[in-house]
1. Identify all residues within region 21-60 that are outside any loop (DSSP other than H, G, I, E, B), under 16 Å from R86 (Cβ atoms) and among the acidic types (D, E); write none if there are none.
2. What number of residues within region 4-20 are in contact with a Leu (Cβ under 8 Å, 6 or more places away or on another chain) and at pLDDT 80 or above?
3. Look through region 114-129, keep the residues that are in a strand (DSSP E or B) and out of contact with any Ser or Thr (no Cβ under 6 Å at 6 or more places or on another chain), and return whichever of them is most open to solvent (accessible area, probe 1.4 Å).
4. Please specify each residue of region 39-59 satisfying the condition of being farther than 15 Å from L130 by Cα and surrounded by 14 or more Cβ atoms within 10 Å (Cβ to Cβ).
5. Considering region 91-113 alone, what residues qualify as being free of Cβ contacts under 8 Å to residues at least 40 places away in the same chain, in a loop (DSSP other than H, G, I, E, B) and either surrounded by 15 or more Cβ atoms within 10 Å (Cβ to Cβ) or touching a Gly at 6+ places or on another chain (Cβ under 8 Å) (or both)?
6. Answer with yes or no whether A66 is open to solvent by less than 70 Å² (accessible area, probe 1.4 Å), more than 23 Å from L127 (Cα to Cα) and among the hydrophobic types (A, V, I, L, M, F, W, C).
Amino acid sequence: MTLVQTHPRPTTAVAVHGTVADLMDTAGPQVCDDMTVEVALSVMAAARTGYLLVCDDSGLCIGLVARAQLTGARDGSSYSDRVQLRDILDERGPFTSPVTTMAEAGHVMRHSRVDALPVVDEHGSALGVLALAR
């Protein structure tokens, strides 16, 4: 069985300027990379979130998967119920640090063409997610 950790979202309003730590959502569901796509979609639905932080066997954050990525994999012609998250992660990263400025994080998001970044500490453990407002 794959461990799922959940943490509440912050409820305070923060300024637009500052660091990533000021605007990130605390780490939501963190799942292991051996979780299947179907189970990940269920976890995502239960948590009412659009992203899951994916960790390796050591507990280090290796990436983030979005609902669209999971449904795309599930709807693909090569899909089976044994497809795991590690099979669909494109690559590690990009990541950001809680002390990164919002300007720097915005640049990384635009350059990488992502709408969410995992926020990790100096050891690679997930602290949260920085996502664009919808």
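The values are calculated or read from the model by the stated rules, or taken from the named source; none is laboratory data. Given the structure is predicted, the values throughout are model-derived calculations rather than measurements. Because the Cβ atoms are built from the backbone with ideal geometry, glycine has one as well, and the counts that use them run over all protein chains shown. The area values use the complete protein model at the heavy-atom level, side chains included, leaving out ligands, DNA and RNA. Shrake-Rupley method; radii C 1.70, N 1.55, O 1.52, S 1.80 Å.
1. E38
2. Qualifying residue count for the region: 1.
3. Per the stated criteria, the residue is L127.
4. V39, A40, L41, V43, M44, A47, C55, D56, G59
5. Residues satisfying the conditions are E91, R92, G93, P94, F95.
6. No: the conditions fail for A66.
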